[in-house]
1. I'd like to know if region 32-42 contains one or more residues that are under 25 Å from the mean Cα position of the chain (by Cα), among the hydroxyl-bearing types (Ser, Thr, Tyr) and at pLDDT 90 or above.
2. Of the conditions (1) closer than 30 Å to Tyr37 by Cα; (2) assigned to a helix (DSSP H, G or I); (3) open to solvent by 20 Å² or more (accessible area, probe 1.4 Å); (4) at pLDDT below 90, Ser169 clears all except one; give me its number.
3. Tell me which residues, restricted to region 325-338, are assigned to a helix (DSSP H, G or I) and in contact with a Ser or Thr (Cβ under 7 Å, 6 or more places away or on another chain).
4. Can you tell me which of (1) open to solvent by 30 Å² or more (accessible area, probe 1.4 Å); (2) touching a Ser or Thr at 6+ places or on another chain (Cβ under 7 Å); (3) assigned to a helix (DSSP H, G or I) is the one Val109 doesn't meet?
5. Out of all the residues in region 112-128, which are touching a Leu at 6+ places or on another chain (Cβ under 8 Å) and either open to solvent by 40 Å² or more (accessible area, probe 1.4 Å) or of a type outside the set (D, E, K, R) (or both)?
6. For region 130-143, what are the residues that are out of contact with any Ser or Thr (no Cβ under 8 Å at 6 or more places or on another chain) and in contact (Cβ under 8 Å) with a residue 60 or more places away in the chain?
7. Give me a count of the residues in region 172-193 that are more than 19 Å from Val211 (Cβ to Cβ) and either open to solvent by less than 10 Å² (accessible area, probe 1.4 Å) or outside any helix (DSSP H, G or I) (or both).
8. How many of the residues making up region 302-338 are surrounded by fewer than 17 Cβ atoms within 10 Å (Cβ to Cβ) and of a type in the set (Asp, Glu)?
Amino acid sequence: MTVVEDSSTNLVNFTTSLPVTMKTKISGSPKGYGDIYHVVFTFFFSLSAVPFIYLLNTLFASIDDSVRGFGIMVLSFGTLSAIILVVYYGSRITDWMYLGMALFTWTAVIDSTISLEYLGITENFMSEYLKFGEPYLLSSWGSAICVFDGTGFYIMYLVLIYLFTNKKSWRSVGIYWAGAILNSMIVLITGVFTGKHSATFCTLLNIPYIVFPIFVLFRIFKTQNRSNWVTKTKIQEKFSIKVHDVFLILGFIGSIWIILAKFLVVLGSKVWVFKETVAPETALLLEDPARFYSIQVLLFFFYIIPAQIVSVYYLLQEEKPQYLWEMSAAMAGIMLQV
């Protein structure tokens, strides 16, 4: 018979066994707000980006054209530094993880504004920045990634803030987010240097989006390694593979086929079956002068396909290594942006 321990004892044991590196330095939430205080604070603070960037855009317009790009970069870096200070003194949290996520939440609102400006819904919020700062964000891929940052990433930031400010596990979500944002940065930076666009002073503003996720991954992998897991139970011992594993394997095979077809079409393949497979995306693959989408396909071919092949192999095995789960989380984050 299994003995059930007291729940409070279990909670204490679980909390004390957490790796130190996964705990946050929280001084406590104000009474009445409970566990969501920092999420609420970050959410409402991020909305301040809208009127602030309108004022900044007016200030950008007053800078001489010959130095406007450089001036926008300096003012933008100064603004980001000021935001970190405001969050630091307003949130009571000294953990750099929270400060970085709060900053990215604020900038995600800016990316939403860029998307609205691209669609013509708003104007004069980011017009000067898009002219002299990062004009490549007006490309089809650039506007799409801004939409994703203002929606998908924004939600992830709030979820991560809730998890680690409440000392809950954020390992999987952190890997998922880091894989997604590093993928978008690789595509963005490489596309800027290889397509019709060229780098500007404000391209340097993307450095935090590369450095911060890398530090987050270091922090995650510094924690205790998890053991491998076994998926077969006594009831399933007579079966070599689960039914849902079969569907996963078929899904991976279909994904590999689509990525392979895109890769070959990008390289100029005229084979009918490949061209038909990617027919809805032909314009993005071949006609868009900005090479962002083609670079994304190359990344998928050289990194996602091998990861999917490894996943198929271990789906056929009884024991799965821990890195398979973490690799799958990163791969899911990357594929989410397709």
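1. There is at least one residue in region 32-42 that is under 25 Å from the mean Cα position of the chain (by Cα), among the hydroxyl-bearing types (Ser, Thr, Tyr) and at pLDDT 90 or above.
2. (2)
3. Scanning region 325-338 gives Ser328, Ala329.
4. All conditions are met except number (1).
5. Selection gives Ile114, Tyr118, Thr122, Phe125.
6. Matches in region 130-143: Tyr136, Ser139, Ser140, Trp141, Gly142.
7. 1
8. 2
The values are calculated or read from the model by the stated rules, or taken from the named source; none is laboratory data. Since we're looking at a predicted model, the values are computed, not measured. Cβ: placed from backbone, ideal geometry, glycine included. Neighbour counts: every protein chain shown. Side chains are part of the model used for accessible areas, which takes the heavy atoms of the whole protein and leaves out ligands, DNA and RNA. Shrake-Rupley method; radii C 1.70, N 1.55, O 1.52, S 1.80 Å.
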